[in-house]
Amino acid sequence: MSYNIAIDGPAGAGKSTIAKALAKRLNLIYVDTGAMYRAMALYLLRERINPDDAQAVSENCEEADITIRYEDGVQVVYLNGENVNAFLRTEEVGNMASKTSPQPAIRKKLVELQQKLAANSDCVMDGRDIGTCVLPNADVKIYMTASSYVRAKRRFDELTAKGESCDLEKIKADIEERDYRDMHRETSPLKQAEDALLLDTSDMTIEEVVSAMISICEEKNAARNQKGAEKSKEDI
Ligand code: DC
């Protein structure tokens with residue numbers, strides 16, 4: 001059986017940075033499920049589908065073949081055979097993904113792909129519904145968050161470093177709007193799984209978060225090994 005770590009949390013909490021670092025330290029594959037919803041959103045944007053037209057979204061998503069490959073340890077998303085990694089991280093695609101990802105037809109298709117990946121490989125998977133829906137039996141579940149101001153400031157710093165001009169208040173408002181949509185949608189809303197550990201990273205550095213996560217994994221593994229040892233004793 002494969003070993004799976006599930007990380008959920010709102011946009012901009014730093015999930016992907018942390019999950020990538022954790023995967024590298026623990027020698028696991030990193031599965032970015034947001035990138036899959038973004039690839040689907042890119043397809044629908046290119047096809048000029050209205051995100052509010054549920055029937056059009058549902059019909060058109062069948063035409064999008066999304067596959068994942070790992071090239072030099074990096075997740076590459078293919079949309080109908082095209083490597084679309086370079087197009088996924090724009091605000092336009094992110095907003096479209098937030099509007100279209102609640103559609104059941106999209107979720108069904110992508111959750112199946114995610115479950116297959118997790119069944120076949122030891123991985124760290126991040127998203128919104130990994131601990132609650134995609135991998136309810138994950139070995140470790142973490143719900144990672146940070147205040148909306150901190151998340152907006154991180155995004156602002158990232159864009160400014162790239163030379164893009166942006167407005168902190170506007171980014172914060174967008175993040176709060178996206179949180180609301182992700183948390184209040186009918187299908188698989190973003191929420192902390194009952195057995196997930198809450199990690200608020202507002203005042204933590206990346207290294208502190210990664211170390212905290214490694215400690216959580218080690219504690220869980222030790223508890224599991226002890227349980228296993230006790231069970232073997234009982235069986236003797
Ligand atoms: O994590 P991200 O910003 O790349 O995700 C893009 C959108 O995809 C986000 O608004 C919510 C959605 N998403 C989802 O519904 N379920 C997931 N497991 C991952 C992302």
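Here the chain carries DSSP beta bridges of which approximately 30% are antiparallel, counting only pairs with both residues inside. When you work out D = kT/(6 pi eta Rh) for the stretch 158-236 at 37 °C and 0.692 mPa s, using the Kirkwood radius from C-alpha pairs as Rh and the Stokes-Einstein form, the result is 193 µm²/s. By the rule of a C-alpha distance below 18 Å, with chain neighbours fewer than 8 residues away ignored, the lysines paired with Lys20 are Lys141. Could you work out how much longer the chain between Ile206 and Asp72 gets when fully extended? Use 0.36 nm per residue separation minus the Cα distance between them, nm to one decimal. Going from the current span to full extension adds 45.9 nm.
Once you've got the Cα coordinates, tell me which of Lys24/Lys170; Lys24/Lys109; Lys15/Lys220; Lys24/Lys108; Lys172/Lys220; Lys109/Lys191 are over 25 Å apart. The pairs that break the limit, which is 25 Å between Cα atoms, are Lys24/Lys170; Lys24/Lys109; Lys24/Lys108; Lys172/Lys220.
Each peptide in 128-136, 61-69, 107-115 receives the mean, over its residues, of other Cβ atoms within 10 Å, and ordering these scores from highest gives 128-136, 107-115, 61-69. Scaled against 2.2 N^0.38 Å for its residue count N, the alpha carbon radius of gyration of the chain is 1.05. Were the residues from Asp235 through Ser147 laid out at 0.36 nm apart, the gain over their Cα-Cα distance would be 26.8 nm.
In whole Å, what is the distance between the alpha-carbon centres of the stretch 1-59 and the stretch 158-213? Measuring centre to centre over Cα atoms gives 14 Å.
Which of Ala212, Ala118, Ala146 moves most in a GNM of the chain, Cα contacts under 10 Å? Residue with maximal mean-square fluctuation among Ala212, Ala118, Ala146: Ala212.
Peptides 190-199, 4-13 ranked from most to least packed by the mean count of surrounding Cβ atoms within 10 Å: 4-13, 190-199.
FYI, it's all coordinate maths here, none of it is from the lab. Not measured: the values here are computed from a predicted model. Note that we place each Cβ from the backbone using ideal geometry, even for glycine, and neighbour counts take in every protein chain shown.
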